[in-house]
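**Student:** The structure under discussion is supplied below as structure tokens; questions concerning it will follow.
Since every read-out is calculated from the coordinates, none of them should be taken as a lab result. Values in this document were obtained by computation on a predicted structure and should not be read as measured data. Cβ placement follows ideal geometry from the backbone for every residue including glycine, while neighbour counts extend to all protein chains displayed.
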Amino acid sequence: MGLRETLDAVLGATRLPKSNLDKLFAISTASITMQSELDLKPAPAAGICFKPVESSRFDAAKNEIGELLRFSSKESGTTFRIETDEYRFIWVILTDPDFEDLVAGIHLVSLTLIEKGFGAYLLCAIFRFGNGKPVYWIYNFKQGRYYPFIPAADKTRDNASEFRIRSRMEKELPIENDVERWYPLWGIPL
């Protein structure tokens, strides 16, 4: 580990590999297959979740995200809201009928946090699909991989459907192979 990496790690400014962020875009082409072959339509909302940091630099980065989203919404029409969940994680929820705009917005938020030195606090991006019941594709920033999450009743999950959809989409999405890392996210705000 070089001096730069050591200082970044000590100061909490670790960065995600750029290649992990590039993998985020795989959901764009995969959405076409999900619609045509699995009858899973993308919802007009997506979200990104990150851990808060008590610092003025982080507050400035969060404000910059809001300003960038307000500016980009003039062109794209994407609306957004920023909220904090019961565990104090911060969510940026984007709404737009154009799925490409949602993906671009999620990329904008994640890139801004990375550029400001807060990439290590990015947790996941979430894209909702469905044809009745929700099917979530969760992008784990640390791993640079997607995994499906299909909630069922009483905080259980539909594992059989998750494995089925994984087997169909693994050629199009970078899928997390270790199912122990397929963390359920209850109470997703979209």
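**Student:** Under the Karplus relation 6.51 cos²θ - 1.76 cosθ + 1.60, θ = phi - 60°, what is the ordered set of whole-Hz ³J(HN,Hα) values for region 20-25, x standing for Gly and Pro?
**Tutor:** 3J(HN,Hα) across region 20-25, in whole Hz: 5, 5, 5, 5, 4, 6.
**Student:** Kindly work out what percent of the DSSP beta bridges joining two residues of the chain are antiparallel, to the nearest 5. Please report the intermediate quantities before stating the final value.
**Tutor:** Details: 32 of 33 bridges.
Taking every DSSP beta bridge with both residues in the chain, the antiparallel ones total about 95 percent.
**Student:** Could you give the semi-axes, largest first, of the ellipsoid that matches region 14-172, computed as the square roots of 5 times the alpha carbon gyration tensor eigenvalues and rounded to whole Å? Don't skip to the end; give the middle numbers.
**Tutor:** Numbers: eigenvalues 139, 59, 47 Å².
So the equivalent ellipsoid measures 26, 17, 15 Å along its semi-axes.
**Student:** Sticking with this structure for a sec: So what is the 222 nm mean residue ellipticity for the chain from helices alone, if each DSSP H run of at least 4 adds -39500 (n - 2.57) and you divide by all residues, rounding to the nearest 500 deg cm²/dmol? Don't skip to the answer; put the middle values down first.
**Tutor:** Values: 6 runs with 76 residues, N = 190.
Result for the chain: -12500 deg cm²/dmol, rounded to the nearest 500.
**Student:** For a Förster distance of 22 Å, can you work out the FRET efficiency between the beta-carbons of Glu67 and Glu100, rounded to the nearest 0.05?
**Tutor:** Step by step, r from the Cβ atoms, then E = 0.50.
**Student:** Still on this structure, I have one more. At 0.36 nm per residue, minus the direct Cα-Cα distance, what do Arg57 and Lys133 gain on full extension? Give it in nm, one decimal, please. Write out the running numbers ahead of the final one.
**Tutor:** Working: separation 76, 0.36 × 76 = 27.36 nm, distance 3.96 nm.
That works out to 23.4 nm of additional length.
**Student:** About the Cα centre of the chain, what is the dipole size in debye to 20, counting +1 per Lys and Arg Cβ and -1 per Asp and Glu Cβ, all else neutral?
**Tutor:** 220 debye
**Student:** Which one, Gly119, Ile106, Phe129, projects farthest toward the positive side of the charge dipole computed for the chain from Cβ point charges (K/R +1, D/E -1)?
**Tutor:** Of the options given, the answer is Gly119.
**Student:** With just the Cα atoms defining each centre, how far is region 38-90 from region 113-127? Give it in Å.
**Tutor:** When both Cα centres are located, 11 Å separates them.
**Student:** With label points built 7 Å along Cα→Cβ from the Cα atoms of Tyr183 and Arg88, find their separation and express it in nm.
**Tutor:** Each label point is offset 7 Å from its Cα along the Cβ direction, giving 1.6 nm.
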